[in-house]
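The numbers here are math on the coordinates, done by the rules we state, and not lab data. In this text the structure is predicted, and so the values were computed from the model without any measurement. Note that we place each Cβ from the backbone using ideal geometry, even for glycine, and neighbour counts take in every protein chain shown.
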Number of protein chains: 4
Amino acid sequence: MPAQQRTGLWLIGARGSVATTAAVGLLALRARVAGPTGCVTELPAFAGTPLPCWDELVLGGHDLVHTPLEKRAEQLAHAGMFGPAVLAAVRSGLSEVDSEIRDGYHPATHTGAQASAAERLSVDLRTFAQRHELARVVVVDVSSTEAPCPHLPEHDDLDALETALADPARSVLPPSSLAAYAALQAGCSYVGFTPSAGITLPALQKLAEGQGLPYAGCDGKTGETLLRTALAPMFSARALKVRSWSGTNLLGGGDGVTLADPVTVASKLESKARGLAALLGEDVTAPLHIDHVPDLGEVKTAWDHVSFEGFLGAQMNLQFTWTGYDSALAAPLVLDLARLVAAAHAAGQRGALTELGFFFKDPLGSDEHRFAEQTARLISWAGSL
Amino acid sequence: MPAQQRTGLWLIGARGSVATTAAVGLLALRARVAGPTGCVTELPAFAGTPLPCWDELVLGGHDLVHTPLEKRAEQLAHAGMFGPAVLAAVRSGLSEVDSEIRDGYHPATHTGAQASAAERLSVDLRTFAQRHELARVVVVDVSSTEAPCPHLPEHDDLDALETALADPARSVLPPSSLAAYAALQAGCSYVGFTPSAGITLPALQKLAEGQGLPYAGCDGKTGETLLRTALAPMFSARALKVRSWSGTNLLGGGDGVTLADPVTVASKLESKARGLAALLGEDVTAPLHIDHVPDLGEVKTAWDHVSFEGFLGAQMNLQFTWTGYDSALAAPLVLDLARLVAAAHAAGQRGALTELGFFFKDPLGSDEHRFAEQTARLISWAGSL
Amino acid sequence: MPAQQRTGLWLIGARGSVATTAAVGLLALRARVAGPTGCVTELPAFAGTPLPCWDELVLGGHDLVHTPLEKRAEQLAHAGMFGPAVLAAVRSGLSEVDSEIRDGYHPATHTGAQASAAERLSVDLRTFAQRHELARVVVVDVSSTEAPCPHLPEHDDLDALETALADPARSVLPPSSLAAYAALQAGCSYVGFTPSAGITLPALQKLAEGQGLPYAGCDGKTGETLLRTALAPMFSARALKVRSWSGTNLLGGGDGVTLADPVTVASKLESKARGLAALLGEDVTAPLHIDHVPDLGEVKTAWDHVSFEGFLGAQMNLQFTWTGYDSALAAPLVLDLARLVAAAHAAGQRGALTELGFFFKDPLGSDEHRFAEQTARLISWAGSL
Amino acid sequence: MPAQQRTGLWLIGARGSVATTAAVGLLALRARVAGPTGCVTELPAFAGTPLPCWDELVLGGHDLVHTPLEKRAEQLAHAGMFGPAVLAAVRSGLSEVDSEIRDGYHPATHTGAQASAAERLSVDLRTFAQRHELARVVVVDVSSTEAPCPHLPEHDDLDALETALADPARSVLPPSSLAAYAALQAGCSYVGFTPSAGITLPALQKLAEGQGLPYAGCDGKTGETLLRTALAPMFSARALKVRSWSGTNLLGGGDGVTLADPVTVASKLESKARGLAALLGEDVTAPLHIDHVPDLGEVKTAWDHVSFEGFLGAQMNLQFTWTGYDSALAAPLVLDLARLVAAAHAAGQRGALTELGFFFKDPLGSDEHRFAEQTARLISWAGSL
């Protein structure tokens, strides 16, 4: 990527915890009040990859709410995620980012055809790019998880989809997919960091190919699943037979509320379960729960109990508890993805970036879930850009 | 390796828990009353490697005690490691193995020069090989951990070592190293499955090279360290900064007694600590304890607490508890090592088999501790034999 | 209670894991191949209470299945709950118990009015008592948990209930309550060791009063809830504010299957939740799950995460994992209850034995859930008999 | 206690984490920016006890360091123990407390007889009481744990002790005991909140009796031991046989440094171990470690593994992890003790206040370690004042 190419990072859900943390973090990195802990692209292995530097990233986004980022950042600081020095250093920067956030799309507040909503979103992206003289924009969905989206024939056929979008009587795309459609129409690459439908619909993937745009997803891998993809290959390599892998997730924050809804949580649980079966090569008993526990605040805790059989049928087990700030785990990966997808776009790559499976619970275009293999693929790919 | 080449597996500590479990397991595999769970060399990746099959392995060994294997096996069955059907199927086979166990070496009971003790051990190995028409013998040390061995100049110089061994007034080698010396003199390859000195002395490694013999070690990786080598690379790959990694091990069985001695445990703790620093690329606070808790019987439990820092300095942690039958974890690896080292020997390999680091806490000749990388190296190497 | 008064212990669900373990245990205690670990009534505090001794207890029961107890005991031994020596010592005794087990009641297989079914069950109890010259019989329900029972007006009015029972067209009592009715009609006291409706219906409690019979329940407290009732008072006494108490239960065995049904599990979860609110004096966030994980066999594991607030709002937490053999925890309490309820009956007590709350998740007639207070009450009451 | 009697709380170690938290907390309670969570004496059970109210407590103390309390409080706020609003509300109050802190005694900096040091400390206490017109002063030792103190004959005999104290060549009392001596000489009651020798020496207890002063100790019970004293009675009441109770403590803060010294830690480990044996009625295998893990900051984490045997010898286990802010757990108890000991003093009680065992790992004058019983005793005693 040529030097001096400014890159936009446009966040769907720009006032949520993950987006706020990404904004605080980017500003803190620029102000040098925080180091790049948690930023994968700052590891030595990526030194030769032509990535936009922190100063070249410009933030904007869509959201439905209007709470100022500064206020959201205060809440996160109060929750213990970062200290007052960081907050003080980024306050003015957050106001600037605030001025780049536009109203998102929600079916309940939109009248008219979905095409007109998409057009509005696209215009927001194009004017953002022009205003800041951006070489390109990466759109990343970090909004709340949607309920699973029923499949429609139009999801498989781009022409049929566009006909339906133009029909004011129909609502064929969930908000995450409408955002992806708008991004592609505006010439932006797209990353689905949630389990929502987003870019997973075949018609949208065809559009991305046609537009020459890369995309990646789905569902950022930041906790329990990260551990599972690091640990399950260990059992396989040692010929130990996992018999059950039970899990419970306690979430305090934003997504906890959303996931308290049993319909919505289905997306998340499906996304988590697919990986485990793929990793272990067979279905095992794997009960999995996500509970909303508000007093945990921004913290999430996962408990996993793995029962396995060893030599001569010996019954053994592994338990782990993972406790972390959900947004502090996710936000640096969002910055990493923006840099890597921008670099891929600059290098002319299009379609699913399968080498980014490292970042996702449910990697698009890849069935490789083993974390060490994903790491090796990512580094090799980044070295080739 | 040509077919029909019978291979000896000679166990130092042949009546201990690991050796007994290996014997029960091998006999159970032959009798088809147990499957190969836990046996790495039975994975599809090793299908093309010319390994001796279970029927081609012949067991023998040295030990200082005379408790019949059958009685030891009853104790292990009683502890819940395997069921009565397995025990019934292997009883007569255990008597046969018993008849191949000879008195080991212990400085307190030996009179005369260490050279004569070594010669006696070598003769045991040679006659074992002749009696069973073995193509080769792999000696594996699974005896109790020794106290750390003070360094002597003779450990670095084979000639000086042999002069000292011939001197009845001196005792220059700890039992594990004397056993390694005897093995090499008898033309046998050697595997150190404990943290004892064994083959780690430079003079012995020179002897192995001279004899054209392969060797491997040290200290089988079966629990806490296995998990550490699977998990630490995950933190590194995600640019998360591990700040402390604290561990406590509760051991019920054999090695628990030995390791209750603070001098002896030093070997084990050093072996464990070296890997962690290598994995994380820096020293972190890493208190580590091994406690003997007799009521746990054959079970060991390890608790690890990993404190790490993420984006913007967020403090997070991972805890895990690993509970397993120590010998059920170790024994199949002993069988795997016998097969792999025999195949390497047959293929003309000599010196440290660095590709076997997968099996060890403190891999000889390698500073690669990352489990996924060790797995890939092992499989690649096995495919080349 | 006068000496030499033989006492019957009649188990509903007499071939289940808990009943089988109780039978094995009673026979092992008599044969002196096992000590009374887990038997509360053998503690010194009960030395002066006139309890039937182990030799005076006679076992019988109802069940719907016909698997011999000996076979069930073999399964439990195989699962590691007790050793082969115990099994060998009790085999013949189990056959005798087997001969005292009669077919239980199930609505699907019974034709005619429920009254006739109850009469059949009562006759089984009366002839059991006569055959063995028993001074009295305690009926204990250890059968699988039933789905919650919809409330009917007849449950509150004994006359109306009996009219309905006589009507072949109606089925007003769930099996557990029909068993309780039959027990009371036969002059037997009754203990509900499950969360099923059993004796909780007011009409049945009135019948018990009328018959001069004592009863106790509900739902044996053997694991997670036992810990909660020991720990929650600690938080209260220290003025620490519990903000959430999340739990996950993994069950391998019998009740695991039953509780995999979301309707049935509702009984159990309600029973567990009531206590927590009572203990903490307010409702807290308390998500709770019960999962069936067959490979755990007879073992159950519970993980609890307690988030609490301390001085100046400091956020802290406690986590625990409890791993045990469900039936080994429950069975000695069943024997204890038989002895204590028999002694209460002999002493002329009638109605709810509120001092037995120590044994139950949902103590009948008491809202004292604090375990230490329950212990003190039990001991004081036992001393008064 | 008559109303309007102002009470001094004099802290040995007045600039440490516990003392600073106590000061912040008392000021926050007065300013009504924090509630009394964690303050036992604010529970309804203590409503009738004539305790000094928060406004009647006056703080002062001894310390060897001069870091302002305000700076220490900033560190604690930064560590997440309390929020910026609390800090802001107490800043000016902390300066006032600062002005009441005097130099403590340390053998390395004192010249002359210990008697003269004691006299200086006593004068500090007397002038503090006069300056603030205090009805009485309670001295509480919250300084760092001392190494175990070798027993001297003078510790048993007050006359001999005073002779030795007057001898400039001798140093017969450790600092904690010198502080206790000075407190008693100044007419102040004394509480040992650490495992240091303090008031445990018989000569000092005789002095307290002679002076008509009450005292209490030793070693505040705030974490692992608190849980042990809540849980161990549960095992006993259920006749379950604890076979081992293993523990590991990870401490980040102040006492962690002190306890990293193996000699000093001996005091603490002895104090912890005594209780467990008393609770279980027999010695069990109980390895116990305290590690200093600086990155944990003000947090401490304890992991306990309890292995127990149930009916028919079934092997089961309980594990728990307790994670909390050490000072947030301890500080409210220090305030509670000041109020309760002042009330006892006002009521004319003298000698060991055995009913305060609720607060201590190693209760002076009592061998009751069961937490529920300690709670009942405390409440009953407080009701009698």
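Could you please state, rounded to a whole Å, how far the C-alpha centre of the range B:17-44 is from the C-alpha centre of the range C:65-140?
For the range B:17-44 versus the range C:65-140, the Cα centre distance is 41 Å.
Can you grab the distance from the C-alpha centre of the range D:341-385 to the C-alpha centre of the range C:304-347, Å, no decimals?
Taking the Cα centre of each part, the range D:341-385 and the range C:304-347 sit 28 Å apart.
Å³ per residue of the Cα convex hull, for the range C:163-205?
On the way: hull volume 3.0 nm³, N = 43.
Cα-based convex hull of the range C:163-205, divided per residue, equals 70 Å³.
Kindly state, to the nearest 0.05, the FRET efficiency for C:His66 paired with C:Thr354, given R0 = 35 Å and r defined as their beta-carbon distance.
Working: r = 38 Å, r/R0 = 1.07.
Here the calculated transfer efficiency is 0.40.
Partner chain Cβ atoms within 10 Å, averaged over the residues of C:226-233 - can you pull that number for me? It would help to have the intermediate numbers written out before the result.
Working: counts 3, 5, 0, 1, 11, 6, 1, 4.
The mean count of partner-chain Cβ atoms within 10 Å per residue comes to 4.
Please report, for C:Gly365, the nm distances (one decimal) from its label point, 7 Å out from Cα along the beta-carbon direction, to the equivalent points in the remaining copies, shortest first.
4.2, 7.2, 7.8
State, in angstrom, two size descriptors of the protein assembly as shown derived from its alpha carbons: Rg to one decimal place and Dmax to the nearest whole number.
Taking only Cα atoms of the protein assembly as shown, I get Rg and Dmax of 35.6, 104 Å.
Would you mind giving the mean number of other chain beta-carbons within 10 Å of the Cβ of each residue in C:21-27, as a whole number? Don't skip to the answer; put the middle values down first.
On the way: counts 3, 1, 0, 2, 2, 0, 0.
That average works out to 1.
Taking chain A as a Gaussian network, Cα atoms linked when under 10 Å apart, which of A:Phe128, A:Phe311, A:Phe46 shows the biggest mean-square fluctuation?
A:Phe311
Could you sort D:161-167, A:201-207, C:176-182 so that the peptide with the highest average Cβ count within 10 Å comes first and the rest follow in order?
On the way: D:161-167: 17.4, A:201-207: 19.9, C:176-182: 28.4.
By packing density, highest mean first, the sequence is C:176-182, A:201-207, D:161-167.
Give, as a single signed number, the net charge of other residues whose beta carbon lies under 9 Å from the beta carbon of A:Asp219, with Lys and Arg counted +1 and Asp and Glu -1. Before the final figure, lay out each step's value.
Details: positive: A:Lys221, A:Lys268, A:Lys272, A:Lys361; negative: A:Asp362.
Charge balance near A:Asp219 sits at +3.
Is the C-alpha gyration tensor of the range D:224-325 telling us rounded, prolate or oblate? Criteria: a/c under 1.5 is rounded; beyond that, a/b larger than b/c is prolate, otherwise oblate. Intermediate results must be reported in sequence, preceding the final value.
Values: a/c = 2.59, a/b = 1.95, b/c = 1.33.
The shape class here is prolate.
Relative to the compact globular guide of 2.2 N^0.38 Å, what is the alpha carbon radius of gyration of the range A:335-381, as a ratio? Could you put the intermediate results ahead of the total?
Working: Rg = 10.3 Å, N = 47, 2.2 N^0.38 = 9.5 Å.
After normalising by residue count via 2.2 N^0.38 Å, the value is 1.08.
Compute the separation of the alpha-carbon centres of the range C:200-262 and the range D:232-251 and state it in Å as a whole number.
After rounding, the separation between the Cα centres reads 22 Å.
Once Lys and Arg get +1 and Asp and Glu get -1 on their Cβ, which of B:Thr225, B:Gly310, B:Pro262 lies farthest toward the positive end of the dipole of the range B:224-325?
Comparing the listed Cα positions along the dipole, B:Gly310 ranks first.
Just the number: Rg to Rh for chain A, Cα atoms, Kirkwood Rh, two decimals. Provide the component values of the computation, followed by the final result.
On the way: Rg = 20.5 Å, Rh = 21.3 Å.
For chain A, the value is 0.96.
I want the antiparallel fraction of DSSP beta bridges within the protein assembly as shown, as a percent rounded to 5.
Numbers: 102 of 222 bridges.
Close to 45 percent.
I need the calculated FRET efficiency for the pair D:Arg32 and D:Ser171, taking r as the beta carbon distance and R₀ as 41 Å, to the nearest 0.05.
Numbers: r = 47 Å, r/R0 = 1.14.
Computed FRET efficiency for D:Arg32 and D:Ser171: 0.30.
Skipping prolines and chain starts, which residues have an amide H placed within reach, meaning under 5 Å, of the one on C:Val137, given they are 5 or more residues away or on another chain?
It is C:Gly8, C:Ser189, by chain and number.
What is the distance, in nm, between label points placed 7 Å from the Cα along the Cα-to-Cβ direction at C:Ala277 and at A:Val123?
Computed distance between label sites C:Ala277 and A:Val123 equals 5.3 nm.
Given a cut-off of under 8 Å on Cα pairs at least six residues apart, what relative contact order in percent is computed for chain D?
Working: 782 pairs, mean separation 79.8, N = 385.
The normalised contact order for chain D reaches 21 percent.
If each label sits 7 angstrom from Cα along the C-beta direction, how far apart, in nm, is C:Arg91 from its counterparts in the other copies?
Ordered by increasing distance: 1.4, 8.3, 8.3 nm.
Might you report the magnitude of the Cβ-based charge dipole of chain D about its Cα centre, with Lys and Arg at +1 and Asp and Glu at -1, to the nearest 20 debye? Can you show the working numbers first?
On the way: 28 positive and 41 negative charges, 158 e Å.
My answer is approximately 760 debye.
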